[in-house]
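Since every read-out is calculated from the coordinates, none of them should be taken as a lab result. Owing to the predicted nature of the structure, the values given are computational and were not obtained by experimental measurement. Glycine gets a Cβ as well: all are built from the backbone with ideal geometry, and neighbour counts include every protein chain shown.
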Amino acid sequence: MLIPYVVPASIAAGLALVVLLVLVGGIVRHIPNDCLGILEKLWSGRGSIREGFIALNGEAGFQPEVLRGGYHFFMPCQYRVHRLPLVTITQGQIGYVFARDGIALPPTQTLASNAVADDFQDVRAFLAAGGSKGPQRKILREGTYAINLAQFIVLTADRTYAIDMAQSDAALFQNMATLLGERDGFEPVVIDSVLDVIGVVTVHDGPALPEGEIIAPTVGRDGADRHNSFQDPEAFLRAGGFRGRQHQVLVDGTYYLNRLFATVEMVAKTIVEVGSVGVVVSYIGEAGADVSGLDYRHGELVGVGFRGVWDTPLLPGKYAFNTYAGKVVTVPTTNFVLKWTQAVIGAHKLDENLSEIGLITKDAFEPLLPLAVVVHIDYKKAPLVVQRFGDIKRLVEQTLDPMVSAYFKNIGQTKTLIELLQDRADIQDKSSLEMRTKFAAYSLELQEVLIGTPRAEAGQSGIEQILKQLRDRQIAVEKVDTYRLQEVASVQERTLREKEAMATQQAAITASMLAVQVRENEGKAQLAQARQMAESIQVSAKANAERVRLEGQGEADRIRAVGLADAERIRAVGLAQAEATDKQVQAYGGPQYQLNSQVLMRFAEAIENGKLPIVPQFMLGGGTDRSGAGGLVEMMLAMLVAEKAKPTSTLEP
C-alpha cells in the first residue's frame, strides 16, 4: 500500500518541508478526473517481485491500486506515475479483457474463468480470488471503467487500452483485435426476424464432446436456459456444457456473446410450405425403440428426440431447426405430377431427369411416349417413404422411372401404332388401375395416369406418314360433320328467320285475325239482322201483296168498267172524228195533201216557237246553204209544189 507522507505538526516546519520537496522535484502529481494513474514503484526496501507481474506486498514494480482524479504526493525518486485514460465502452459495443498476471490456464482451458475472480477494477481482489492470466471469459458492456492497465489489457472496437507494451506484446494484441473484428466480436449478435435466420453456436471452451458425438447436446434438458443463451459462459460450463457446435440455437433477438468463447453462424430457418411436411432425420440423441411395426422391413422409425428418422413429421410452418444436428426432408402431400417429358420440368424438379419412354410397337415402329403420372403421398406415411428411399427424388429416379417405363414398354409390344393412338383412353384407364397396386407397395397413392401423343424420334418418317394419314382421315370426317351441321344450321336458320318474321308481323297478324273475327261477327250480326228483316219484309210483302191483289182486283174491275165506258166513248168519238177526217181529206184532195198540210203547220209552229228567221241575215257566196232555214223552207215549198204537180188520185172513203 501507499504510505502517505505525514506533514509535521508544526505548520512552519511543514511549509518549509513542502518547499524543500518541490525544489527537489517529482513528488506532486495531478490526475485529471477522466484519467487514472498507475503507480510503478522504482525501489523498495522489500526488494523486487519474486512471482507474478503485480507487486502485491509493496515490492518494486507495478502496484495493484490506481490513482483517481486529484493531486497526489509521493516520496521523491520512488514512484513513476503512468497517467492513462479511463476505459470507455461505447453504447452497443463489447470490450475484451486480457490479464497479465494470475494463475496459468490449464491445457484444456481456452479462456480464464471468472466464476469467482470477476472484478477487473480491483486487481488485488482478482488475484487473491485465484484469477487466471490470459483472455477472460467475462466481457465488458457499455460504460466507463477504472481498470489498472498494468494488470489488464482491454480491447475495444476503437482502441486497445494498455500501458506501454513491448513490440511483441503489441503485435499479439493487434492480432487478437483483428480476429475479433473478423468475427464481429465487438458488436452483439443481432438476429433479425425479417431475415428468417437462426444462429448456430460453436463454443470454443469447455470439456470436449464424448466419443461418437458430433453435436453438443442442449444444456438443461428440462427446458430451463441456465446460461442465458451462451451469454454467461460460467453458467454454461457449470451446467455441463461441452465445447463444439451446439444443438441449441439462437432465435430472433440481441445477444452479447464473448466471441473468443462462442461464435455464431447464421443459418436459414427451416420452412415447411403448405402442401408438404418435413420428415426429420436426426443425427443426435439416444437410440430409440423402433415404432415402424413388425411388417415394415425397410428400416426403423423412432420417436421425436431420438437418433434416426422421426415417426412424426413437421407440419407446415417455420422451425428453428439446427441443420447440423439433422436434416429435414420435404415431402409433398398435395398431388404432384411427374412428367416423362424431357422438355418439361415441374416446379418441384423431381422429374428433371425423366424423358419420354421409348416403345417398340407390334408393327415394329419405335415411337416416343410422353407420359404424366399424378401421385399423392399420405403425410402420415411420409416418414416411411423417406426411411425407405432417402428422399422423393431418389424414389422417382431409382424406382418409379424403371417401373413405369417397363410397364408401358410391355403395353407397346401388344399394340400397333394405330391401336396405340386410337386406344389411348382405354390404355390410360387400364394402366391407372393396374399400376395403383404397384404404387401402394411403395406407400404411394397413384391418382391418375395421363398418356400423351406418341411422336417419332429424329430421322423416323414412317410414324409421321401414318399420323398424317390419320389426320387427313379425321379432317375428312370433320368436313362431313361440318357440312351436315351447316345443313342443319341452315334449316334451323331458315326456321328461325321465319319465326322472327312471324314474330315481327305478329302484331299485324293478330290485328288482322281480330279484324277478320270482328268482320265475321259483324257479318253474322248483319246476316241475322238481314234474315230478320227478310222475314219481316216477306211477311210485309205477303200482306202488301194480298192487299195489292185485292186492291188491284178492285181497281181492275173499276178500270175495266171505266175502260169499257171510255172505249165506247172513244169509239164513238173516233167514229165521229174519222168521219170528219175523211171529210177533211177529201176536202184537201187526199191523204197526202193532208199529211203535208199537217207537217207544214207543225213546222210553222216550230219556227214560231224557236223564233228562227225565215230569211237568212247574212248571205255568203252564191250557192245555196242547204243547211240553213232558207234552204229548208225552199225544200218544203218544192215538195209542196211537186205534190201539187202530180195528178190527182181518187181518194177512197
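Using only Cα atoms, what Kirkwood radius does the stretch 119-252 have, in angstroms? Mind showing how you got there, number by number?
Numbers: mean 1/r = 0.0575 Å⁻¹.
Computed over the stretch 119-252, the radius equals 17.4 Å.
Run the helix sum for the chain: -39,500 (n - 2.57) per DSSP H stretch of 4+ residues, divided by residue count, reported at 222 nm to the nearest 500 deg cm²/dmol. Intermediate values should be presented prior to the final figure.
Details: 13 runs with 253 residues, N = 653.
Theoretical 222 nm ellipticity from helices: -13500 deg cm²/dmol.
Using modelled backbone amide H atoms (1.01 Å from N, in-plane), which distant-in-sequence or interchain residues come within less than 5 Å of Thr333's amide H?
Close amide H contacts, sequence-distant or interchain: Ser276, Val277.
What is the extension gain from Arg519 to Thr218, computed as 0.36 nm multiplied by their sequence separation minus the C-alpha to C-alpha distance, in nm to one decimal? Please report the intermediate quantities before stating the final value.
Details: separation 301, 0.36 × 301 = 108.36 nm, distance 11.03 nm.
Result: 97.3 nm gained on full extension.
On a 0 to 90 degree scale, rounded to 10, what angle separates helix 506-588 from the longest Cα axis of the chain?
The two axes meet at around 10 degrees.
Could you pull out every one of the lysines with an alpha carbon less than 30 Å from that of Lys524, ignoring same-chain neighbours closer than 8 positions?
Lys542
Per residue of the stretch 190-206, what does 6.51 cos²θ - 1.76 cosθ + 1.60 with θ = phi - 60° give for ³J(HN,Hα)? Whole Hz please, x for Gly and Pro, Karplus curve as stated.
Here the 3J(HN,Hα) series is 10, 10, 8, 5, 5, 7, 6, 10, 10, x, 8, 9, 10, 8, 10, 9, x Hz.
Using a/c under 1.5 as the rounded threshold, could you call the stretch 38-132 rounded, prolate or oblate? The axes a ≥ b ≥ c are square roots of the C-alpha gyration tensor eigenvalues, and prolate needs a/b larger than b/c, oblate otherwise.
Details: a/c = 2.73, a/b = 1.31, b/c = 2.07.
Because a/c hits 1.5 or more and a/b fails to exceed b/c, the stretch 38-132 counts as oblate.
Could you work out the mean projected area of the convex hull around the alpha carbons of the stretch 363-492, in square nanometres to one decimal? It would help to have the intermediate numbers written out before the result.
Numbers: hull surface 46.5 nm².
If you wrap the Cα atoms of the stretch 363-492 in a convex hull and average its projections, you get 11.6 nm².
Which of the pairs Lys339/Lys381; Lys349/Lys438; Lys327/Lys438; Lys381/Lys415; Lys339/Lys479; Lys362/Lys438 have their Cα atoms more than 27 Å apart in this structure? Present the calculation step by step, with values, prior to reporting the outcome.
Values: Lys339/Lys381 23 Å; Lys349/Lys438 23 Å; Lys327/Lys438 29 Å; Lys381/Lys415 37 Å; Lys339/Lys479 35 Å; Lys362/Lys438 25 Å.
Violating the 27 Å Cα-Cα cut-off are Lys327/Lys438; Lys381/Lys415; Lys339/Lys479.
How do Thr341, Thr504, Thr202 rank when sorted from fewest to most other Cβ atoms within 10 Å of their own Cβ?
Values: Thr341 18, Thr504 10, Thr202 14.
Final ranking by Cβ density, sparse to dense: Thr504, Thr202, Thr341.
List every residue whose amide H lies under 5 Å from the amide H of Ser132, counting only residues 5 or more places away in sequence or on a different chain, with H placed 1.01 Å from N in the peptide plane.
Those qualifying (amide H under 5 Å, at least 5 residues apart or on another chain) are Ile103, Ser113.
Compute the length gained on full extension between Glu579 and Leu600: take 0.36 nm times their separation in residues and subtract their Cα-Cα distance, giving the result in nm to one decimal.
The span from Glu579 to Leu600 would gain 5.3 nm if fully extended.
Can you give me the pair-distance distribution of the stretch 260-300, C-alpha pairs, 10 Å bins, whole percents?
Pair shares across the bins are 17, 29, 33, 15, 5, 0.
Can you give the angle from 0 to 90° between the axis of helix 462-504 and the longest principal axis of the chain, with both taken from C-alpha atoms, to the nearest 10?
The angle comes out near 50 degrees.
Return the equivalent ellipsoid semi-axes of the stretch 298-357 as a descending list in whole Å, where each equals the square root of 5 times an eigenvalue of the C-alpha gyration tensor. Can you show the working numbers first?
Working: eigenvalues 188, 39, 25 Å².
One finds semi-axes of 31, 14, 11 Å for the stretch 298-357.
Amide H of Tyr79 versus every other amide H placed in the peptide plane: which residues, excluding those fewer than 5 positions away on the same chain, fall under 5 Å?
Here Leu42 satisfy the definition.
When the Karplus curve 6.51 cos²θ - 1.76 cosθ + 1.60 is applied with θ = phi - 60°, which whole-Hz ³J(HN,Hα) does each residue of the stretch 129-134 get, with x for Gly and Pro?
Taking θ as phi minus 60°, the curve returns 7, x, x, 9, 7, x Hz for the stretch 129-134.
Can you work out ³J(HN,Hα) from phi for every residue in the stretch 385-390, in order, using Karplus 6.51 cos²θ - 1.76 cosθ + 1.60 and θ = phi - 60°, giving whole Hz and x for Gly and Pro?
5, 5, 4, 7, 10, x
With 10 angstrom as the radius, rank Val374, Val304 by how many other C-beta atoms surround their C-beta, starting from the fewest. Walk me through the intermediate numbers first.
Details: Val374 15, Val304 12.
Ordered by Cβ neighbours within 10 Å, fewest first: Val304, Val374.
For the chain, compute Rh as the Kirkwood radius over C-alpha pairs and then the Stokes-Einstein diffusion coefficient at 20 °C and 1.002 mPa s; write the answer in µm²/s, rounded to an integer. Could you put the intermediate results ahead of the total?
Details: Rh = 41.8 Å.
So the translational diffusion coefficient is about 51 µm²/s.
Once you keep just the Cα pairs under 8 angstrom separated by 6 or more residues, what percentage relative contact order results for the chain? Mind showing how you got there, number by number?
On the way: 966 pairs, mean separation 43.1, N = 653.
With pairs under 8 Å counted, the relative contact order is 7 percent.
Once the stretch 69-182 is represented by equal point scatterers at the alpha-carbon sites, with solvent omitted, what log10 I(q)/I(0) does the Debye formula produce at q = 0.14 Å⁻¹?
-0.62
Kindly work out what percent of the DSSP beta bridges joining two residues of the chain are antiparallel, to the nearest 5.
Values: 69 of 77 bridges.
About 90 percent, rounded to the nearest 5.
Which of Cys77, Cys35 has the fewest other C-beta atoms within 10 Å, and how do the rest follow up to the most? Could the numbers behind the result be given before it?
On the way: Cys77 12, Cys35 16.
Ascending Cβ contact count within 10 Å gives the list Cys77, Cys35.
Between Asn609 and Glu478, how many nm apart are label points set 7 Å from Cα along the C-beta direction?
About 10.8 nm, to one decimal.
Tally Lys/Arg at +1 and Asp/Glu at -1 over every other residue whose Cβ is under 13 Å from the Cβ of Asp426; what's the total?
Values: positive: Lys415, Arg424, Lys430; negative: Glu419, Asp423, Asp429, Glu434.
Within the 13 Å Cβ shell, the charges total -1.
How far is helix 401-413 tilted, in degrees, relative to the longest principal axis of the Cα atoms in the chain, given as a value from 0 to 90 rounded to the nearest 10?
40 degrees
Please give me the summed charge of the neighbours of Ser443: other residues whose Cβ is under 10 Å from its Cβ, Lys and Arg +1, Asp and Glu -1. Walk me through the numbers before you get to the answer.
On the way: positive: Lys380, Lys381, Arg388; negative: Asp378, Glu445.
Every neighbour counted, the sum reads +1.
Given a cut-off of 18 Å, what percent of all Cα-Cα pairs of the stretch 115-164 lie beyond it? Walk me through the numbers before you get to the answer.
Details: 329 of 1225 pairs.
Tail of P(r) above 18 Å: 27 percent of Cα pairs.
Which FRET efficiency value, to the nearest 0.05, do you get for Glu65 and Asn175 by plugging their Cβ-Cβ distance into 1/(1 + (r/R0)^6) with R0 = 45 Å? Working shown, then result.
Numbers: r = 31 Å, r/R0 = 0.69.
FRET efficiency, Glu65 to Asn175: 0.90.
If you average the alpha carbon positions of the stretch 153-199 and of the stretch 129-146, how far apart do those two centres end up, in angstrom?
Cα centres, the stretch 153-199 to the stretch 129-146: 14 Å.
If R0 is 41 Å, what FRET efficiency do you get for Asp34 and Asn228 from their C-beta distance, rounded to 0.05?
Working: r = 33 Å, r/R0 = 0.79.
Calculated value: 0.80.
Enumerate the aspartates and glutamates that Lys430 could reach by cross-link, defined here as Cα to Cα under 15 Å, with residues fewer than 8 away along the same chain left out.
Straight-distance partners of Lys430: Glu419, Glu448.
Can you give the Rg to Rh ratio for the stretch 276-451, taking only C-alpha atoms and Rh from Kirkwood?
Numbers: Rg = 18.9 Å, Rh = 17.8 Å.
Rg/Rh for the stretch 276-451 comes to 1.07.
Provide, in order from the shortest bin, the percent of all Cα-Cα pairs of the stretch 189-268 in each 10 Å bin, continuing until the bin that contains the maximum pair distance.
The distribution over the stretch 189-268 is 19, 54, 25, 3, given as percents.
Kirkwood hydrodynamic radius, the stretch 469-544, all distinct C-alpha pairs: what's the number in Å? Each step should come with its number before you reach the end.
Values: mean 1/r = 0.0551 Å⁻¹.
With all distinct Cα pairs of the stretch 469-544 included, I get 18.1 Å.
Please work out the Cα center distance from the stretch 68-99 to the stretch 271-295, rounded to the nearest Å.
59 Å
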